[in-house]
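The structure appears right after this line, and notes come after that.
Values in this text are rule-based calculations from the coordinates and carry no lab data. In this text the structure is predicted, and so the values were computed from the model without any measurement. Because the Cβ atoms are built from the backbone with ideal geometry, glycine has one as well, and the counts that use them run over all protein chains shown.
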Amino acid sequence: MLDTSIMEKLRVLTESAKYDVSCASSGTQTKNKGGLGNATAAGICHTWAADGRCVSLLKTLLTNDCIFDCAYCANRSSNDIKRVSFTAEEIATIVVEFYRRNYIEGLFLSSAIEVNPNATTEKIIQTLKLLRNRERFYGYIHVKAIPGADPELIRQAGELADRMSVNIELPTEESLRILAPQKNVQKLLLPMAQIKKGIDEVNEDRGKYKFAAKFVPAGQSTQMIVGATRDSDRSILFAAENLYKNFSLKRVYYSAYVPVNAGANLPAIQTAPPLLREHRLYQADWLLRYYKFEAKELLTEQEMNFDLDFDPKMNWAFRNLDRFPIEINTADYGLLLRIPGVGVQSARRIMHQRKISPIKYEDLKKLGIVMKRAKYFIVCGGKFFGERNLEVEGLKRIMNPKPMYEQLSLFNLTKEVPYPLGGRNLLPKPVEVGSPTDGQAKLGLGRVIF
Amino acid sequence: MIYLHDGLFDGFLTCIYQHYYGHKATGIFEKASYTPCLFDEVLVIETDTEKARKVYNSIVEKLSEEVYWSVFYTFLANDVNKDCYLLNYIVLAFKMGPSISLLHSHDVVYPVKRLSKKVMSERHRFLGILRFSDIGNCLYAELEPENDILMILSDHFVDRYMNERFIIHDIKREKAIISNLGEWLITDFKLKEKVIFGEKELFFQGLWKRYFESIGIESRSNAKLQQQFVPLKYRKHVVEFHTD
Ligand code: SF4
């Protein structure tokens, strides 16, 4: 199989798969049981692509030959593109050889819908069986659940994979109907519900038996596209919050829409992907998961979209100035997390160090607090160090949004990156949120479906 | 009194032992990297594994595993004063007990936290960017890390490649992990001749490079960010960054 046709297939199928952003390999720990590979809980990036994004998995499609015709997708059946498919054997070989060389952490296998959902899922299962049973591969595997496939097949795939995902893509029923008419909400939520049930059952069994079967041990995730429709950040974030609650998702990923097709209901083909908007959504998502914020605190009826100049936490602080300043030496953990410039790690350090001795102003920087932002919102040992009596406008002027890329680099890359692994914070140039075309205006703001 | 050791962790721990049972140490250095100073009183300490073990035991028992790992990671750091920081840290730790882990910004604690974090993150980086080649009878990888991280890479790769034979070669320090189906050791190591890659190896290198080129999204291209994650100094041994 060592020939150039493999090279070409890998190129074509990677090009088609790369817009799927969920690349995190973290969330599970598997010991090697005498074969090849293991999975580490922390997740490992193996390289960073030219766009600065972390590459952890071999992310590819089984095939790009699709019977569906989703408007936003490069592989839709109405596009005249080259169609290729891998065999199960080819994928298994590439995964093993890449893994041995430490190029990758594992496999992220997605697929267009070839022939029908069952046939596609069967081929996915065949690939996983080769890897797990013949090659005794214990590395990380993430597969797409194909909506519409038989529940029995989804179960089989779930027993072999570490993570499964169904991409929701759009947060409202209306958008789905217009852009992906062959999909519907029920069809998408069904496999999600099944996977959740499978995971819950195994967890229950684990309480009872020592050797409970495995089922998607790293949990399930999903992805939503940002900027293909007029859906607001609020619709997207509320949908994400509901998905976390109702399906216990591990992650929701957001993907700035890169126009690959022309279409009446789509942004113009030259529209730049709304990277900054995507960045704000990731920050907000991070606030939901680790900072105990609720979606309704971050966006309101009056404020449907995130301010692109300030991050969501800072914006929340602007709207709630009456709660500040907060005393570092007495505030509880939840309150510390609400201070701009204080992250999870610094909040923990504060809690620890306070047990031994009161915290002094000079300590704050060493504890990892970004003082440039925090000093307007805190008191330390009763003393306030920012300028007095600032109202929102004054604060905004001081925090004076620099040209966009500088503003973003304030966000400390090495400490807390709200992305799967690695980040995309530094933008080459300021980016506009895609301006609506005429056709798009029809979409309006849909009802949140979950 | 300045104590000098042979560069092994046991040597360092023996110095700590001497500090408590002999003269008080004012500084500890590795013999090879110490620049003599006219006014220093210097003593070279003979490594004694028994004494080292006693110190190790009391760190783990009276303090905590966490303290031990901070000490060990800091010891691997590339910093001439690391052992002096550690001396102060260990002395303070035995005064305070395990609660020393709660401190972070303290003058004695901070340098240790800072260095151990640096070592830890370099380890994590290499878990990702270390590249092996199949050279016929085993897998072979080269690296030139800033800190001496070979030891703390071993657990990860030995478990991962349980069914393989491999060599991880620190060419700067001329030593290597050599692992054979799960059994391994660290030893002095130098290549006699240049490694030559076979056809199959070159094919998979090429395939990987092709994949690497295809995965980036052009409209989001961002070389500056890429360089932040993979600084130029690390690229020498990372095959997808080689141009040919
Ligand atoms: S089903 Fe998937 S691959 Fe097929 S057109 Fe829709 S999004 Fe694209």
Task: Alpha carbon convex hull of chain B, volume per residue in cubic angstrom - done: 177
- [ ] Would you mind telling me the antiparallel percentage of the DSSP bridges in the protein assembly as shown, rounded to 5?
- [x] 40
TODO: With a bin width of 5 angstrom, please list the P(r) values of the range B:130-241 as percents of all Cα-Cα pairs, from the 0 bin to the one holding the largest distance.
DONE: 2, 10, 18, 21, 19, 15, 9, 4, 1, 0
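Out of the range B:64-162, which GluC sites (Glu not before Pro) are coil in DSSP terms and have no more than 15 other C-beta atoms within 10 Å?
Details: sites: B:Glu65, B:Glu66, B:Glu122, B:Glu142, B:Glu146; in loops: B:Glu146.
When the GluC sites (Glu not before Pro) of the range B:64-162 are filtered for loop state and at most 15 Cβ neighbours within 10 Å, B:Glu146 remain.
From the square roots a ≥ b ≥ c of the eigenvalues of the alpha-carbon gyration tensor of the range B:55-111, which class results: rounded (a/c under 1.5), prolate (a/b over b/c), or oblate? Walk me through the intermediate numbers first.
On the way: a/c = 1.79, a/b = 1.27, b/c = 1.41.
The shape class here is oblate.
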TODO: Distance between Cα centroids, the range B:167-244 to the range A:87-134: provide it in whole Å.
DONE: 24
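For the range B:130-217, run through the trypsin sites (Lys or Arg not before Pro) and keep only the ones in DSSP coil with at most 16 other Cβ atoms within 10 Å of their Cβ. Walk me through the intermediate numbers first.
Values: sites: B:Arg131, B:Arg160, B:Arg165, B:Lys172, B:Arg173, B:Lys175, B:Lys190, B:Lys192, B:Lys194, B:Lys200, B:Lys209, B:Arg210; in loops: B:Arg131, B:Lys172, B:Arg173, B:Lys190, B:Lys192, B:Lys194.
Within the range B:130-217, the qualifying trypsin sites (Lys or Arg not before Pro) (loop, at most 16 other Cβ atoms within 10 Å) are B:Lys172, B:Arg173, B:Lys190, B:Lys192, B:Lys194.
What does the C-alpha gyration tensor say about the overall shape of the range A:4-213? Classify as rounded when a/c is under 1.5, otherwise prolate if a/b is larger than b/c, or oblate. Before the final figure, lay out each step's value.
Values: a/c = 1.64, a/b = 1.15, b/c = 1.42.
The shape class here is oblate.
Using only the Cα atoms of the protein assembly as shown, build the gyration tensor, take square roots of its eigenvalues as a ≥ b ≥ c, and label the shape rounded, prolate or oblate: rounded if a/c is under 1.5, else prolate if a/b is larger than b/c, else oblate. Intermediate values should be presented prior to the final figure.
Numbers: a/c = 1.98, a/b = 1.27, b/c = 1.56.
Judged from the Cα gyration tensor, the protein assembly as shown comes out oblate (a/c at least 1.5, b/c at or above a/b).
Can you tell me what the convex hull of the Cα atoms of the range B:1-113 projects to on average, as an area in nm²? Spell out each step's value before the answer.
Values: hull surface 26.2 nm².
The orientation-averaged projected area of the Cα hull of the range B:1-113 comes to 6.6 nm².
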Open item on the list: What value in Å³ per residue do you get for the convex hull of the alpha-carbon atoms in the range A:242-309?
Closed with: 135
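Are there GluC sites (Glu not before Pro) in the range A:288-334 that DSSP marks as loop and that have at most 13 other Cβ atoms within 10 Å, and which are they? Could you put the intermediate results ahead of the total?
Working: sites: A:Glu294, A:Glu297, A:Glu301, A:Glu303, A:Glu327; in loops: A:Glu294, A:Glu301, A:Glu303.
Of the GluC sites (Glu not before Pro), the ones in loops of the range A:288-334 whose Cβ has at most 13 other Cβ atoms within 10 Å are A:Glu294, A:Glu301.
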TODO: Could you tally the net charge around A:Ala149, taking each other residue with its Cβ under 14 Å from the Cβ of A:Ala149, Lys/Arg +1 and Asp/Glu -1?
DONE: +1
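Please go through the residue pairs A:Lys366/B:Lys233; A:Lys59/A:Lys197; B:Lys62/B:Lys118; A:Lys33/A:Lys214; A:Lys144/A:Lys197 and name each one whose alpha carbons sit more than 23 Å apart in this structure. Walk me through the numbers on the way to the answer.
Details: A:Lys366/B:Lys233 28 Å; A:Lys59/A:Lys197 27 Å; B:Lys62/B:Lys118 26 Å; A:Lys33/A:Lys214 15 Å; A:Lys144/A:Lys197 17 Å.
Pairs exceeding the cut-off: A:Lys366/B:Lys233; A:Lys59/A:Lys197; B:Lys62/B:Lys118.
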Open item on the list: Give me the net charge for the shell around B:Ile149: Cβ to Cβ below 12 angstrom, other residues only, Lys and Arg +1, Asp and Glu -1.
Closed with: 0
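Take every DSSP beta bridge with both residues inside the range A:4-213 and express the antiparallel ones as a percent of the total, to the nearest 5.
Working: 4 of 17 bridges.
Of the beta bridges lying entirely in the range A:4-213, close to 25 percent run antiparallel.
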TODO: Determine the dipole magnitude for chain B: charges of +1 sit on the beta-carbon of Lys and Arg, -1 on that of Asp and Glu, nothing else is charged, the reference point is the Cα centre, and the result goes in debye to the nearest 20.
DONE: 620
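List the pairs from A:Lys245/A:Lys372; A:Lys355/A:Lys375; B:Lys117/B:Lys172; B:Lys51/B:Lys82; A:Lys31/A:Lys292 whose alpha-carbon separation is above 26 Å, in the order I gave them. Can you show the working numbers first?
Numbers: A:Lys245/A:Lys372 35 Å; A:Lys355/A:Lys375 22 Å; B:Lys117/B:Lys172 22 Å; B:Lys51/B:Lys82 21 Å; A:Lys31/A:Lys292 32 Å.
Beyond 26 Å between Cα atoms: A:Lys245/A:Lys372; A:Lys31/A:Lys292.
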- [ ] Compute the relative contact order of the range A:192-300 as a whole-number percentage, counting only Cα pairs closer than 8 Å that sit 6 or more residues apart in sequence.
- [x] 26
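For the range A:312-399, take the convex hull of the Cα atoms, compute a quarter of its surface area, and give me that in nm², please.
Numbers: hull surface 20.9 nm².
Over all viewing directions, the range A:312-399 projects a mean Cα-hull area of 5.2 nm².
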Open item on the list: Check which residues have an amide H placed less than 5 Å from A:Thr47's amide H, if you skip close sequence neighbours.
Closed with: A:Val55
